[in-house]
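A short write-up of the structure that comes next.
The values are calculated or read from the model by the stated rules, or taken from the named source; none is laboratory data. As the structure is a prediction and not an experimental result, all values here were calculated from the model. No Cβ is skipped: glycine too gets one built from the backbone with ideal geometry, and neighbour counts run over all protein chains shown.
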Ligand SMILES: [Zn+2]
């Protein structure tokens, strides 16, 4: 599932590929994908992509009216995309001119430029969470409006992080992936950050000392920056493989920790599972799986 580093790479990729191209048509190929009604997708016709921005895990393509339109001045439209857990963007150099037929396949949305290039948004699996919004202002998207600070921004300082943790009696794993507190980190990179920081995912946010906040801050910015650099220059199609190979503990239960050689373990957390290294993060003691012990009682 794409998180900040992958979405940042997709934004950079689209800044090169899509900028300057004129939109031929945009079509939703699955009922639930498009979350907004006005303006409808035909409003994109003839507009030019000028930029692609990232807000947390959201992509935002900026489309302005073509210069020679001769129409009264209109503001930019933002095509905002949330790939959710199983969504992905596939660039295509040669898309068919006719719109996609809605069906049961993975195709959720298609944007085609007048030169035939464009991209498909696909989503694997049965849970459909891929979301597309067409808005005049990205803040009209509730998920964007609610985002906390971006950890890649200069304003994300040690002091800022200390403020986010202070007084919060919740487990740090949950804090890190809460988009309203910090934007862009999900299940995978929260595991990676906590492994890099050598901290238990169950540690309470309110219990962090000044030194621990500094260590966590370094782990957040270092892990994300490294991941963005690794995927820089990769085509959209190669990003998923790169993400998997770059992860040290996430999705690697049963494999040796690349730092100490102990076996990476897994424990249930919220609606999914987290992975961690006992030697690096919890003083060698495996975390109790609460869901499991509840079931056994
Ligand atoms: Zn380890």
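Check 172, 185 and return the single one that is surrounded by 15 or more Cβ atoms within 10 Å (Cβ to Cβ) and touching a strand residue (DSSP E or B) at 6+ places or on another chain (Cβ under 8 Å). Give the steps one after another, and end with the answer.
On the way: 185 fails: touching a strand residue (DSSP E or B) at 6+ places or on another chain (Cβ under 8 Å).
After ruling out the rest, the residue left standing is 172.
When region 253-263 is examined, which residues are found to be farther than 15 Å from residue 197 by Cβ and touching a helix residue (DSSP H, G or I) at 6+ places or on another chain (Cβ under 9 Å)?
Matches in region 253-263: 261, 262, 263.
Do we have any residue at all in region 211-231 that's crowded, with 16+ Cβ neighbours inside 10 Å, modelled with pLDDT of 95 or more and touching a strand residue (DSSP E or B) at 6+ places or on another chain (Cβ under 6 Å)?
No, region 211-231 has no match at all.
Any idea which of 198, 252, 248 is farther than 20 Å from residue 6 by Cβ, within 16 Å of the ligand (Cβ to nearest atom) and assigned to a loop (DSSP other than H, G, I, E, B)?
Values: 252 fails: farther than 20 Å from residue 6 by Cβ; 248 fails: farther than 20 Å from residue 6 by Cβ.
The match here is 198.
Could you list, in sequence order, all residues of region 37-47 that are within 25 Å of the chain's Cα centre (by Cα) and buried (at least 16 other Cβ atoms within 10 Å of the Cβ)?
Passing the criteria: 41, 44.
Check residue 111 against each of (1) in contact with a strand residue (DSSP E or B) (Cβ under 8 Å, 6 or more places away or on another chain); (2) over 21 Å from residue 9 (Cβ atoms); (3) surrounded by 13 or more Cβ atoms within 10 Å (Cβ to Cβ) and name the one condition it does not meet.
Here residue 111 clears every test but (2).
Here are the criteria: (1) buried (at least 19 other Cβ atoms within 10 Å of the Cβ); (2) outside any helix (DSSP H, G or I). Tell me which single one residue 105 does not satisfy.
(1)
Just wondering, is there one or more residues in region 149-171 that are assigned to a strand (DSSP E or B) and farther than 21 Å from residue 59 by Cβ?
Of all residues in region 149-171, those assigned to a strand (DSSP E or B) come to 171.
Right, trim to farther than 21 Å from residue 59 by Cβ and you get 171.
For region 149-171, residues assigned to a strand (DSSP E or B) and farther than 21 Å from residue 59 by Cβ: present.
Would you pick out the residues in region 262-283 that are away from the ligand (no atom under 12 Å from the Cβ) and assigned to a loop (DSSP other than H, G, I, E, B)?
Across region 262-283, the qualifying residues are 270, 271.
Quick check on region 19-33. Is at least one of its residues closer than 24 Å to residue 149 by Cβ and surrounded by fewer than 22 Cβ atoms within 10 Å (Cβ to Cβ)?
No, region 19-33 contains no residue that is closer than 24 Å to residue 149 by Cβ and surrounded by fewer than 22 Cβ atoms within 10 Å (Cβ to Cβ).
Does any residue of region 24-36 turn out to be within 29 Å of residue 229 (Cα to Cα) and in a strand (DSSP E or B)?
No, the conditions are met nowhere in region 24-36.
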